[in-house]
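Colleague: Take this structure first; my questions come after.
Throughout, read-outs are computed from the coordinates displayed, never taken from laboratory work. These numbers come from a predicted model, not from an experiment. Cβ: placed from backbone, ideal geometry, glycine included. Neighbour counts: every protein chain shown.
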Amino acid sequence: MAARWSILKDKIVFLDRDGVINQGASPHEYIKRKEDFHLLPGVGRAIQLLNSHHFLVVVITNQRGIARKLMTNLDLEKVHTFMQKQLKKMGAHLDAIYTCPHEKGTCHCRKPEIGLFLQAEKRYKPDKNHSYMIGDSQSDIIAGKRYGVHTVAISENESWGADYCCHSLYEAVQWILQEENK
């Protein structure tokens with residue numbers, strides 16, 4: 001039986017954070033404190049649906065505010081702890097959070113690079129045929145495509161070549177569940 005489990009792969013939904021899970025900050029601003037963090041409508045239900053359908057839910061987020069010294073790693077940890085508590089109240093949870101704290105052009109983990117996905121691979125075995133990247137920017141969609149997973153753009157007017165485009169995480173999850181049932 002152990003050999004059977006060792007070859008099973010994980011269905012993973014990778015999520016960008018700002019603009020997908022929570023309201024994004026104003027341009028050139030950052031979510032630096034838990035008081036700045038506000039879940040978007042339907043996010044708790046969407047993540048709970050993914051949890052109940054045996055998807056791992058993994059956040060991959062660029063957080064350049066750390067490199068710019070506008071916030072610290074501890075500030076970010078506090079925001080993420082607050083986020084997890086808010087989701088837990090809704091019966092949902094994130095399996096992992098991977099963060100790029102670097103400035104543009106200084107690393108291989110900042111989206112649209114795939115370093116955060118590769119960090120997740122150290123812990124999980126993604127089944128790329130049943131894994132998805134949901135984001136609200138071109139760099140999210142490019143990263144998902146480079147990594148080889150299905151992509152969903154949350155956008156009012158841009159798809160950036162994503163496999164599906166919608167207006168909310170809840171809508172994206174509904175599409176994913178439909179695709180998985182085909």
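Colleague: Using alpha-carbon positions, what is the distance between the centroids of region 110-133 and region 34-49, in Å?
Modeller: Spelled out, the Cα-based centre of one part sits 22 Å from the other.
Colleague: Further question on the same structure: In what order do Asp140, Asp163 fall by count of nearby beta-carbon atoms within 10 Å, going from fewest to most?
Modeller: Listed from fewest to most nearby Cβ atoms, that is Asp163, Asp140.
Colleague: Tell me which cysteines of the chain come out unpaired when the rule is another cysteine's Cβ under 4.7 Å.
Modeller: Here Cys107, Cys165, Cys166 come out as lacking a disulfide-compatible partner, given the Cβ-Cβ threshold of under 4.7 Å.
Colleague: How would Phe82, Phe14, Phe37 line up from fewest to most surrounding beta-carbon atoms within 10 angstrom?
Modeller: Details: Phe82 15, Phe14 26, Phe37 20.
Sorted ascending by nearby Cβ count, the order is Phe82, Phe37, Phe14.
Colleague: Here are labelled values, [x] 48, 33, 33; [y] 42, 38, 30; [z] 54, 34, 29, and one is the computed Cα extents along the principal axes in Å for what I pasted. Which one?
Modeller: Answer by label: [x].
Colleague: Among Cys100, Cys165, rank each residue by its count of other Cβ atoms within 10 Å, from fewest to most, as a rough exposure measure.
Modeller: Fewest to most other Cβ atoms nearby, the residues stand as Cys165, Cys100.
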